[in-house]
Amino acid sequence: MPEVSVILPTMDRWGLLTRALASVLAQEDVDLEVLVIDDGSSDGTPTRLGAIGDPRLRVLVQESNQGVARARNRGIEEADGEWIAFLDDDDFWAPTCLREHLRSIADAGAGWGYGAAISVGPDRPSRVMMPAPADELEDGLLQHNLVGPPSTVTVRRDLLDEIGGFDERLAVSLNDVDLCLRAIAKGYRNVFTPHAELVHAEGASRGLEVAPAELARAEREAALFVSRWRAWVEADPTYNPNLTLVGKAYALAHPPRHR
């Protein structure tokens with residue numbers, strides 16, 4: 001049984017996938033498997049992956065695009081590792097990333113952990129994404145994704161089984177934040193380590209959502225997220241009670257949320 005199962009969803013992004021996958025297979029001092037979930041690619045990705053020939057690589061094929069939440073859950077269902085780590089196909093890890101995750105989580109006696117990232121993009125300067133300390137997550141996650149991309153997260157498999165994995169109704173957005181909040185709500189301790197490093201290609205996976213169907217989907221997912229966490233959101237001491245919880249960010253609420 002591998003120590004860690006790495007879940008790596010992809011769709012029609014072979015050029016990025018090869019870099020991400022190489023960084024997984026180059027991890028040091030970790031017994032791992034990597035499950036690449038092909039979410040309906042049309043560029044021959046499964047065939048190309050089959051030619052790699054590394055016994056640690058497993059390829060799961062979904063004939064049609066079902067969204068990243070479903071792809072990650074499919075990987076979790078098929079995984080054999082005691083620990084689950086997530087990697088997006090536009091990100092890649094430093095060689096010691098997973099070992100640093102496992103070391104810091106074990107030292108803290110935690111159920112899950114997250115690390116730092118360097119964000120790069122073609123039209124913006126590189127920046128270090130240094131997430132918030134673990135004791136600030138409960139409040140901070142309501143206003144901003146303080147964990148960073150899912151590629152920073154490693155979690156115990158039994159924790160995921162208990163909280164139910166990713167909510168597939170949040171097919172594209174907020175499913176990672178929702179997962180972290182559910183783990184916190186269950187009382188699972190978490191830990192941040194700056195030594196588990198990755199490079200995050202900001203904006204490579206998703207551009208601006210401007211098509212009507214994309215905007216409608218994003219609004220549905222935001223409404224579901226707010227309805228689930230309404231008690232926490234409404235009690236957020238950092239967010240003005242006169243501002244809306246749905247729709248355009250930081251707009252005035254109409255009708256008012258408080259009278």
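Do the conditions hold for LEU21, that is, is it at pLDDT 95 or above, surrounded by 22 or more Cβ atoms within 10 Å (Cβ to Cβ) and on the phi < 0 side of the Ramachandran plot?
yes
Take the conditions at pLDDT 95 or above and in contact with a strand residue (DSSP E or B) (Cβ under 6 Å, 6 or more places away or on another chain) and apply them to ALA94. Does it pass?
Taking the combined requirement at face value, the residue does not satisfy it.
Kindly indicate whether LEU35 is over 25 Å from ASP167 (Cα atoms), in contact with a helix residue (DSSP H, G or I) (Cβ under 9 Å, 6 or more places away or on another chain) and of a type in the set (A, V, I, L, M, F, W, C).
Here the answer is no, as LEU35 does not meet what is asked.
Residues are listed down the side, and each one gets a yes or a no for (1) touching a His at 6+ places or on another chain (Cβ under 8 Å); (2) aromatic (Phe, Trp, Tyr); (3) at pLDDT 85 or above:
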site: SER104; (1), (2), (3): yes, no, yes
site: ALA110; (1), (2), (3): no, no, yes
site: GLY115; (1), (2), (3): yes, no, no
site: LEU137; (1), (2), (3): no, no, no
site: HIS144; (1), (2), (3): no, no, no
site: LEU159; (1), (2), (3): no, no, yes
site: GLU168; (1), (2), (3): no, no, yes
site: VAL172; (1), (2), (3): no, no, no
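Just to confirm my filter: which strands (runs of 3 or more DSSP E) fall fully inside segment 1-105 and include at least 1 residues that are aliphatic (A, V, I, L, M)?
4-10, 32-39, 57-62, 83-86
Mind checking which pairs have a first residue in segment 220-249 that is surrounded by 13 or more Cβ atoms within 10 Å (Cβ to Cβ) and a second that is at pLDDT below 70 and not in a loop (DSSP other than H, G, I, E, B), Cβ under 9 Å, 6 or more apart or different chains?
Filtered contacts from segment 220-249: TRP232/GLU138; TRP232/ASP139; ASP236/ASP139.
What residue, among those in segment 63-105 that are in contact with a Gly (Cβ under 6 Å, 6 or more places away or on another chain) and of a type outside the set (A, V, I, L, M), is surrounded by the fewest Cβ atoms within 10 Å (Cβ to Cβ)?
It comes out as SER64.
Pairs under 7 Å by beta carbon, first residue in contact (Cβ under 8 Å) with a residue 12 or more places away in the chain and within 13 Å of VAL6 (Cα to Cα) in segment 68-79, partner part of a helix (DSSP H, G or I) and not β-branched (Val, Ile, Thr), six or more apart or different chains?
Final answer for the pair search is ILE76/LEU160; ALA79/ARG157.
Kindly provide the set of residues from segment 66-82 that are touching a Phe, Trp or Tyr at 6+ places or on another chain (Cβ under 9 Å) and closer than 21 Å to ALA26 by Cβ, ordered by number.
Hit for segment 66-82 is GLY75, nothing else.
Counting only residues that are in contact (Cβ under 8 Å) with a residue 60 or more places away in the chain, outside any helix (DSSP H, G or I) and under 22 Å from LEU215 (Cβ atoms), which one in segment 170-199 is nearest to the chain's Cα centre (by Cα)?
Here the residue is VAL172.
Can you say whether ARG70 is of a type in the set (D, E, K, R) and in contact with a strand residue (DSSP E or B) (Cβ under 6 Å, 6 or more places away or on another chain), as far as the supplied structure shows?
Judged against the criteria, ARG70 is not a match.
Name every residue in segment 53-67 that is over 21 Å from GLU3 (Cβ atoms) and hydrophobic (A, V, I, L, M, F, W, C), in order of residue number.
Matches in segment 53-67: VAL61 only.
Output the number of the condition that ALA51 fails; it satisfies all remaining conditions of (1) surrounded by 20 or more Cβ atoms within 10 Å (Cβ to Cβ); (2) among the aliphatic types (A, V, I, L, M); (3) over 25 Å from CYS180 (Cβ atoms).
ALA51 satisfies every listed condition except (1).
Of everything in segment 188-208, what is small (Gly, Ala, Ser) and at pLDDT 85 or above? Give them in sequence order.
Once the filter is applied, which keeps residues that are small (Gly, Ala, Ser) and at pLDDT 85 or above, segment 188-208 yields nothing.
The values are calculated or read from the model by the stated rules, or taken from the named source; none is laboratory data. Quick caveat: nothing in here was measured; it's all calculated off a predicted structure. Cβ atoms come from the backbone with ideal geometry, glycine included; neighbour counts cover every protein chain shown.
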